[in-house]
Amino acid sequence: MEDARLSRSLNTLRPGDKGKIMANIFRAARESMAEKLKRHRNKPFLEAMMAATALLALADEEIVLSERLALDFILENVNELKVFDVHQAVNLFQDWGKAIKEDLGTAKKQVLKAVAKFSGDEEKASLLVRAGILIAKADGDFSEPEQKVIDELCQVLCLESSAVCHFEPEE
């Protein structure tokens, strides 16, 4: 029934209108595919970002509200992450947090492995570190364990000599 109605509707259109409609359909499909491709390409970065931020948030053994708010800020402002559903990202963060709480040693190796994928990309590598610093400073107490995690991230990302890894914690 709907096919017949659609067919009648298409038959009442002027010849030029059909072309415009088809062009709009193809444009929408192309944009949808481009969005999916962008998400696919940035998925490893989302993984690394949520892993690193969870490790930083739990460096002092608990995730506090200010760290959650900092995570929200990151998700809203990092262009590479804007293509993802915020809930998907937060769930990933929570999954990493759970893994870190259950087995810090194994989870930390997995976090560093996910992060290390960006050691050749200075822009994304420094973004990972800056996001980690934001999470670490969010509660107003940049602790020794948090500094140690930042140092490890800088090392695995080959950023030891980068300015992003050399900053003075605020007292």
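Readers should treat all values here as calculations from the given coordinates under stated rules, not as data from a laboratory. Predicted model, so just to flag it, every value in this text is computed and none were measured. No Cβ is skipped: glycine too gets one built from the backbone with ideal geometry, and neighbour counts run over all protein chains shown.
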Listed peptides 100-107, 125-132, 147-154 by packing density, highest first (mean Cβ within 10 Å): 125-132, 147-154, 100-107
Residue 76-residue 109 pseudo-label distance in nm [points 7 Å out on the Cα-to-Cβ vector]: 3.9 nm
Segments 86-95, 133-142 sorted - mean Cβ within 10 Å per residue, highest first: 133-142, 86-95
